[in-house]
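This report refers to the structure that appears directly beneath it.
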């Protein structure tokens, strides 16, 4: 008994030192993480986007985040190729941008991403031929009109989700990438979603979340494949932004306007392969990661059931 007690006393300092060292390194890691977070969100300057090329191509630029990107890129002195399905809306956006930034050259390309995509991509290739398109913003995307269980998703919605979100982003990237490879410079920004990355599940939006998970993995693979070729590929992961697609009309501290998001997003282009540019979103991300997944799943299901109920009520009123 005495020898055991002596052994315990002798080993106590070792364990104390071991635990102290572990605690110190954890504290150091946390401190460095906080310093890095402050640096990238408030101090680090955005890159000179003109170094990639004088033209930027933006899909889905007539509304929401895409429209915010188009204005911010014109503000940076870039020329624009605007790709959307509604020619009238494209002309309105072009007029608004030219009125504010007259030096920016703008080309419109009409493409219905839920329609004949091959024909649309052909028109994109023709429009960008001979242009040094150095920046691609793959923003076009569709979501559910409101939350619904998977068995309630009709064939039209299912097809549009996959065709627009997955096939559209993939084929536009395939059309623009060869020019970047030839010039050995370029940046590709794919707009993902917190529904696929930040929260563990997005019930009642299963297919939408799955398509955005594809965007995240697609982006990461391209980032590794083409980094040595001078091409920066990035997946931006916003949470809620005040857009029609999110059915949010008013912005707030945690829900930026489309312009507010775009301003933050521009500063991150060319850096990390995955990012959440609007810094309050990163606070929410940290909070969500600190909670058990079961709690987040339960909260998210109840939240989406509420959206579903309101959507069904709205549909029933339209039928009356």
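Under the condition of being surrounded by fewer than 24 Cβ atoms within 10 Å (Cβ to Cβ) and either touching a helix residue (DSSP H, G or I) at 6+ places or on another chain (Cβ under 7 Å) or free of Cβ contacts under 8 Å to residues at least 12 places away in the same chain (or both), which residue from region 56-70 is nearest to residue 143 (Cα to Cα)?
Among them, the one singled out is 64.
Please count how many residues of region 228-267 are assigned to a loop (DSSP other than H, G, I, E, B) and farther than 26 Å from residue 182 by Cβ. Even if it seems obvious, please write down each step before you answer.
Within region 228-267, the first condition is being assigned to a loop (DSSP other than H, G, I, E, B), and the residues that meet it are 230, 237-257, 267.
Right, trim to farther than 26 Å from residue 182 by Cβ and you get 237-257, 267.
Residues in region 228-267 being assigned to a loop (DSSP other than H, G, I, E, B) and farther than 26 Å from residue 182 by Cβ: 22 in total.
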Report summary line: For residue 43, the lone unmet condition from (1) at pLDDT 95 or above; (2) surrounded by 10 or more Cβ atoms within 10 Å (Cβ to Cβ); (3) more than 30 Å from residue 129 (Cα to Cα) is (2)
Query raised in the report: Can we say residue 53 is surrounded by 13 or more Cβ atoms within 10 Å (Cβ to Cβ), touching a strand residue (DSSP E or B) at 6+ places or on another chain (Cβ under 7 Å) and assigned to a helix (DSSP H, G or I)?
Result: no
**Report entry** Filter result (in a helix (DSSP H, G or I) and surrounded by 15 or more Cβ atoms within 10 Å (Cβ to Cβ)) within region 71-89
**Finding:** 71, 72, 73, 74, 75, 89
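I'm checking my understanding of the structure. Among residues of region 90-119 that are in contact with a strand residue (DSSP E or B) (Cβ under 8 Å, 6 or more places away or on another chain) and in a helix (DSSP H, G or I), which one is farthest from residue 165 (Cα to Cα)?
Kept after step one, since they are in contact with a strand residue (DSSP E or B) (Cβ under 8 Å, 6 or more places away or on another chain), are these residues of region 90-119: 90-91, 93-94, 97-98, 104-111, 113.
Within this subset, residues satisfying the condition of being in a helix (DSSP H, G or I) are 90-91, 93-94, 97-98.
Numbers: 90: 20, 91: 24, 93: 22, 94: 24, 97: 26, 98: 29 Å.
My answer is 98.
Take region 154-171 and flag every residue that is crowded, with 20+ Cβ neighbours inside 10 Å and over 16 Å from residue 65 (Cβ atoms). Spell out how you get there, then give the answer.
Initially, region 154-171 is screened for residues crowded, with 20+ Cβ neighbours inside 10 Å, giving 161, 164-165, 168-169.
Correct list: 161 only.
Do we find that residue 142 is modelled with pLDDT of 95 or more, within 21 Å of residue 265 (Cα to Cα) and touching a helix residue (DSSP H, G or I) at 6+ places or on another chain (Cβ under 7 Å) in this structure?
Values: modelled with pLDDT of 95 or more: yes; within 21 Å of residue 265 (Cα to Cα): yes; touching a helix residue (DSSP H, G or I) at 6+ places or on another chain (Cβ under 7 Å): yes.
Yes.
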Query raised in the report: Got at least one residue in region 137-147 being over 17 Å from residue 79 (Cα atoms) and part of a helix (DSSP H, G or I)?
Result: no
Requested in this report: Say whether the condition of being within 18 Å of residue 66 (Cβ to Cβ) and part of a loop (DSSP other than H, G, I, E, B) is met by at least one residue in region 277-284.
Outcome: yes
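Which of the residues belonging to region 128-144 are touching a residue at least 40 places away in the same chain (Cβ under 8 Å), closer than 20 Å to residue 117 by Cα and out of contact with any strand residue (DSSP E or B) (no Cβ under 7 Å at 6 or more places or on another chain)? Can you show your working first?
Initially, region 128-144 is screened for residues touching a residue at least 40 places away in the same chain (Cβ under 8 Å), giving 128, 131-144.
If we keep only those that are closer than 20 Å to residue 117 by Cα too, we end up with 128, 136-143.
Within region 128-144, 142, 143 meet the criteria.
Could you identify the single residue in 227, 212, 244 that is surrounded by fewer than 22 Cβ atoms within 10 Å (Cβ to Cβ) and modelled with pLDDT of 95 or more?
Values: 212 fails: surrounded by fewer than 22 Cβ atoms within 10 Å (Cβ to Cβ); 244 fails: modelled with pLDDT of 95 or more.
Being surrounded by fewer than 22 Cβ atoms within 10 Å (Cβ to Cβ) and modelled with pLDDT of 95 or more holds for just one of 227, 212, 244, which is 227.
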Query raised in the report: Among 202, 216, which is the only one that is outside any helix (DSSP H, G or I), touching a residue at least 24 places away in the same chain (Cβ under 8 Å) and under 18 Å from the mean Cα position of the chain (by Cα)?
Result: 202
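The values are calculated or read from the model by the stated rules, or taken from the named source; none is laboratory data. Bear in mind that the values here come from a model prediction, so they are computed numbers and not experimental data. Note that we place each Cβ from the backbone using ideal geometry, even for glycine, and neighbour counts take in every protein chain shown.
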